[in-house]
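Here is the structure we will look at, set down as structure tokens.
The values are calculated or read from the model by the stated rules, or taken from the named source; none is laboratory data. Computed from a predicted structure; not experimentally measured. Counting neighbours? That spans all protein chains shown, and the Cβs are built from the backbone with ideal geometry, glycine included. Side chains included, ligands, DNA and RNA excluded: accessible areas come from the protein's heavy atoms. Shrake-Rupley method; radii C 1.70, N 1.55, O 1.52, S 1.80 Å.
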Amino acid sequence: MDRMGDAKDQVREQAQSLILKLMDEAAPPMYVWERLAVGFKHKNYRSREGVCLCLIATLNIYGAQALSLSKLIPHLCAAFGDSNSQVRDAAVLAIVEVYRYVGEKVRLDLTKRGIPPG
């Protein structure tokens, strides 16, 4: 988790690559994400951003059926209010990706949580 917040781009990319490889060879994606979800509250903003970007990569590789998105959406909603703009932007990108896979159910869930439709 700490490596996802490293100052060097290459280290962050390799950390994400390792996580994705773990999903491919060692454990199912949701098992890995149950442990990775703590990263949404990491003290380093780059780690929080990296977790959002890793979620996007996971969705693009494994699709929505491999994840229990209802467990991850609250974390993304909390990231919308993050103090760092890069984390907020990554959370928006992640929710857009979730919407691509799930559709209107996500919009309804966000409305219930008080997130404006825009």
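Please list, by residue number, every one of the chymotrypsin sites (Phe, Trp or Tyr not before Pro) in the range 1-65 that is coil in DSSP and has at most 16 other beta-carbon atoms within 10 Å.
Listed in order of number, the matching sites amount to none.
Accessible area per residue for the chain in Å², computed with a 1.4 Å probe and the full protein assembly in place, what is it?
Result: 58 Å² per residue.
Hey, rough spin-label estimate for residue 37 and residue 92, points 7 angstrom out along Cα→Cβ, what's it come to in nanometres?
The answer from the label model is 2.6 nm.
Looking at (1) 28; (2) 37; (3) 56, which value of percent of Cα pairs over 22 Å apart comes from a calculation on the structure shown?
Label (1) holds the value from this structure.
What is the calculated FRET efficiency for residue 62 to residue 111, with r their C-beta to C-beta distance and R₀ = 30 Å, to the nearest 0.05?
Computed FRET efficiency for residue 62 and residue 111: 0.65.
Determine the distance separating the Cα centre of the range 32-55 from the Cα centre of the range 68-118; give it in Å without decimals.
14
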